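The values are calculated or read from the model by the stated rules, or taken from the named source; none is laboratory data. Note that the coordinates shown come from a computational prediction; the quantities given were computed from them, not determined experimentally. In this analysis, Cβ positions are derived from the backbone assuming ideal geometry, glycine residues included, and neighbour counts consider all displayed protein chains. All accessible areas refer to the heavy atoms of the entire protein, side chains included, with ligands and DNA or RNA removed. Shrake-Rupley method; radii C 1.70, N 1.55, O 1.52, S 1.80 Å.
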Amino acid sequence: MANKLDLHHEMKKMLRVKTAILRRSPGDSLADIVASDREAFSGIRVLFASDEGGVPLQALGRSDNPNVPVVPLFAGKGIFAFSDAIERQMRSGSAPLEFPFFSLLDTNFLTELPGFFRHENSSHREKVRATLQFIEDQGGRGFDWMFAALENLREVVKPNNPWPYQKVAAAKMFDAMMHIPEVRGRVLNGHAEQIQDYIPAAEEMWDAFLTNREVWACIQRRDMMQSIILRAMLECWSGQSVDDGIRCLVDFCLDNFDVIPLKELYFGWKALSGFADKQNRMPIFDEPALRNPNGDSNNRISALAWDLYMFRHCETLMTEKKGNQFMIPVVTTLDDGLLKAIKSCPLRALLIHDEARKVEAIFDDEMEFSTCLDRALSDKTKVRINDPARMARPKRISKHDLSYLINSLESEVKRAAKARSQPGSHH
């Protein structure tokens, strides 16, 4: 059981594995990386994206059709995997690996489904049709709409709002039809009355969602992302340097959450880096409401938080298979900005510690982020971060306190927008 482990020791091992991956030499294979610190890799399963060899990403959900807006999360051209068991199997001959992939539908794609199946006109109709055909052609490898459902969770509690039910009913209809031999192949000719047949199943799913503590924990983690991106944008607009901005974000996280959420801080670093050097600005941050504070900034940051939380969601989904099976997500979205964001933040590796119930995705440029983080932090802060007692007993911010924190940060954004709109302010 995880509580019998020395979690502090296991987390140090995961850090060593991460360091070995980030400090690899050009051309190093996964076997070379493992050999560089073999003891650290013990008990940890690893997915590694290689620029050469491996199971081709082309076979794991990538499409050459420009009308199929799907993009893998991983960098490179192929995938390798490692675990203690895989290593033993390889010594005995071969290790049978499985890489089931799934298409993760984002909210805007899920929103298009009811209208598509009712044969309503839409500028996205051909992309939706081609993407559903792509999913159907993959031999039942599946798709996931749970992320989009999370984003709709606060909509479903509003009275007299049928749309979340319609969206999920359409997804459930498509899923069911994919598994019915007599209609497979005709799945893209759905009709409105068929969607209605799946409304009870959608109601059942939403009822289960609304009472699921883990679902609300996901919402809270997404809200944490929103608060950190709000703080990051305020640091960007105030003209902070990258190092000073990261230092402020780390203090913000320790003071409010008592944890160092590396993925959230990574995106904060991306935002700060893009302001310091516009050539490095991620497309997802390059819109008027994010370049400067205005009346739409809070709405855009909230939407952005969902896009970035998707990486956390996928990180969790990739742990669902055990042993020699590794889930490979591809993201399906009609949002060009999100597609560009994924392409500019490719994953290089995924670390899974099943016994400790820990997972960490490693972005391709995280060495630069880690270097910045190490450079920016004082010795006092590093001691605070590495305190075993803090790591073993992180505090949990309440939903009320997190809502209050977000409200306070959004008020700061409004004040910044108001100040910028005053006569004589710098534009």
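Here are the numbers:
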quantity: Flag for ALA49 being in a strand (DSSP E or B), open to solvent by less than 10 Å² (accessible area, probe 1.4 Å) and not hydroxyl-bearing (Ser, Thr, Tyr); calculated: yes
quantity: Among (1) modelled with pLDDT under 90; (2) farther than 27 Å from GLU39 by Cβ; (3) β-branched (Val, Ile, Thr), the one test that ILE385 misses; calculated: (2)
quantity: Restricting the range 354-382 to residues that are among the basic types (Lys, Arg), closer than 24 Å to ASP243 by Cα and open to solvent by 80 Å² or more (accessible area, probe 1.4 Å), the residue that is modelled with the highest pLDDT; calculated: ARG375
quantity: Set SER403, SER408: member being without any contact (Cβ under 8 Å) to a residue 60 or more places away in the chain and of a type in the set (Ser, Thr, Tyr); calculated: SER408
quantity: Complete set of residues in the range 17-42 that are surrounded by fewer than 15 Cβ atoms within 10 Å (Cβ to Cβ) and assigned to a helix (DSSP H, G or I); calculated: ALA31, ASP32, ALA35, ARG38, GLU39
quantity: Residues satisfying the stated conditions in the range 150-169, i.e. surrounded by 20 or more Cβ atoms within 10 Å (Cβ to Cβ) and in contact (Cβ under 8 Å) with a residue 60 or more places away in the chain; calculated: LEU150, GLU151
quantity: Wholly within the range 247-318, helices (runs of 4 or more DSSP H) carrying at least 1 residues that are under 19 Å from the mean Cα position of the chain (by Cα) and under 23 Å from VAL215 (Cβ atoms); calculated: 262-276, 297-317
quantity: Positions within the range 220-245 being of a type in the set (Gly, Ala, Ser) and within 17 Å of SER302 (Cβ to Cβ), in sequence order; calculated: SER227, ALA232
quantity: Of the criteria (1) closer than 25 Å to ARG231 by Cβ; (2) open to solvent by less than 30 Å² (accessible area, probe 1.4 Å), which one ARG348 fails; calculated: (1)
quantity: Residue match in the range 74-87 (condition: in a helix (DSSP H, G or I), open to solvent by less than 60 Å² (accessible area, probe 1.4 Å) and out of contact with any Gly (no Cβ under 8 Å at 6 or more places or on another chain)); calculated: yes
quantity: Test: PHE102 is touching a residue at least 60 places away in the same chain (Cβ under 8 Å) and either farther than 20 Å from LEU317 by Cα or not in a helix (DSSP H, G or I) (or both); calculated: yes
quantity: Within the range 105-122, considering residues that are assigned to a helix (DSSP H, G or I) and open to solvent by 40 Å² or more (accessible area, probe 1.4 Å), the one nearest to MET310 (Cα to Cα); calculated: ASN108
